[in-house]
Amino acid sequence: MKSAPRVSVIVPAYNAAAYLPATIQSVRQQTFQDFEIWVVDDQSTDDTVTVVQKLMTQDARIKLVQLSANQGVANARNVGVAHAQGQYVAFLDSDDMWLPEKLEVQISFMQEHQADFSYCNYDVVDDHGTQVGQRKVSQTQLTYQEMLKGNRIGLLTVMLTRKTALQYPFPQINHEDYACWLSIARSGIVAYLASDLILAKYRKHQTSLSSNKLQAAQWTWTIYRQHEHLGFFKSLYYFIHYSLMGITDKR
């Protein structure tokens, strides 16, 4: 009987045919090779499924789940986690990429420190893959109170134990990744910086919703008030910290 892989990589995909091959290739080129890849197709209308099926013929570790209805990225990630067999779960959106040492460095850290949650730094690239920024987190660990000051953690860098990922699914809310990290941290789990190396590439599209800072600010306020149920003045306190972080954000 084949043993379970050490890491399950969760890749939600919606109309991702243009970027998905490079994303999957960045996983296949990892120096750490004990992984499986779950691509969860959220009812794409382009050639995403065909692209994944072709990739599956090249690597048996790639697996496809086709959803019967489009329900958004949070649901797609949760479905991927439900299928995961690995001891650890890592997240990678369908247009982002990892550098070759990412899994090796992070797995080593997680095992050495018996951590449930880790993250790392990343470059920001444009549609053509050209670097346009960088996100380096100075904090070596983040508690709930620190996380409330703003989302410093890039989803493409996160690794969780599978137990943690199953226990804290992504909620159906804008900035669902930030809301998820807050839920985990609120339980007392600390997020650790696995390395100060740049280990991933986040693709920032000019037309993406996440590039709209006003919209992101509104989503953050909603998380404080509706997801974390903070009072008005406490929300305002953390929102000021969030705003100041945005001013100095290298991303």
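The values are calculated or read from the model by the stated rules, or taken from the named source; none is laboratory data. All values derive from a computational prediction rather than experimental measurement. Glycine gets a Cβ as well: all are built from the backbone with ideal geometry, and neighbour counts include every protein chain shown. With ligands, DNA and RNA removed, areas are computed over all heavy atoms of the protein, side chains included. Shrake-Rupley method; radii C 1.70, N 1.55, O 1.52, S 1.80 Å.
Numbers for the structure displayed
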read-out: Which numbered condition D196 fails, given (1) of a type outside the set (A, V, I, L, M, F, W, C); (2) in contact with a Leu (Cβ under 6 Å, 6 or more places away or on another chain); (3) open to solvent by 40 Å² or more (accessible area, probe 1.4 Å); value: (2)
read-out: Strands (runs of 3 or more DSSP E) within region 39-126 that include 2 or more residues free of Cβ contacts under 8 Å to residues at least 60 places away in the same chain; value: 62-66
read-out: Sole exception among (1) part of a loop (DSSP other than H, G, I, E, B); (2) within 27 Å of D127 (Cβ to Cβ); (3) not small (G, A, S) for L156, by number; value: (1)
read-out: The one condition in (1) within 16 Å of the chain's Cα centre (by Cα); (2) open to solvent by 10 Å² or more (accessible area, probe 1.4 Å) that V27 fails to fulfil; value: (2)
read-out: Selected residue [more than 22 Å from Y224 (Cα to Cα), open to solvent by less than 40 Å² (accessible area, probe 1.4 Å) and within 17 Å of the chain's Cα centre (by Cα)] from R162, R203; value: R203
read-out: Meets criteria (open to solvent by 40 Å² or more (accessible area, probe 1.4 Å) and either within 29 Å of I173 (Cβ to Cβ) or touching a strand residue (DSSP E or B) at 6+ places or on another chain (Cβ under 6 Å) (or both)) for N15; value: yes
read-out: Those residues of region 127-153 which are surrounded by fewer than 21 Cβ atoms within 10 Å (Cβ to Cβ), in a loop (DSSP other than H, G, I, E, B) and of a type in the set (A, V, I, L, M, F, W, C), in sequence order; value: V137
read-out: Flag if V65 is aliphatic (A, V, I, L, M), closer than 24 Å to R203 by Cα, touching a Gly at 6+ places or on another chain (Cβ under 8 Å) and modelled with pLDDT of 95 or more; value: yes
read-out: Some residue of region 17-35 being part of a strand (DSSP E or B) and closer than 16 Å to Q106 by Cα; value: yes
read-out: Residues satisfying the stated conditions in region 14-38, i.e. touching a residue at least 40 places away in the same chain (Cβ under 8 Å) and either within 16 Å of A82 (Cα to Cα) or acidic (D, E) (or both); value: F35, E36, W38
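Residues are listed down the side, and each one gets a yes or a no for (1) in contact (Cβ under 8 Å) with a residue 40 or more places away in the chain; (2) in a loop (DSSP other than H, G, I, E, B); (3) under 20 Å from A76 (Cα atoms):
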| site | (1), (2), (3) |
| --- | --- |
| I173 | yes, yes, yes |
| A185 | yes, no, no |
| Y192 | yes, no, no |
| I198 | yes, no, no |
| H205 | yes, yes, no |
| F233 | no, no, no |
| I240 | no, no, no |
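Every residue, every condition in (1) of a type in the set (K, R); (2) within 17 Å of the chain's Cα centre (by Cα), yes or no:
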position	(1), (2)
S44	no, no
D47	no, no
R77	yes, yes
W98	no, yes
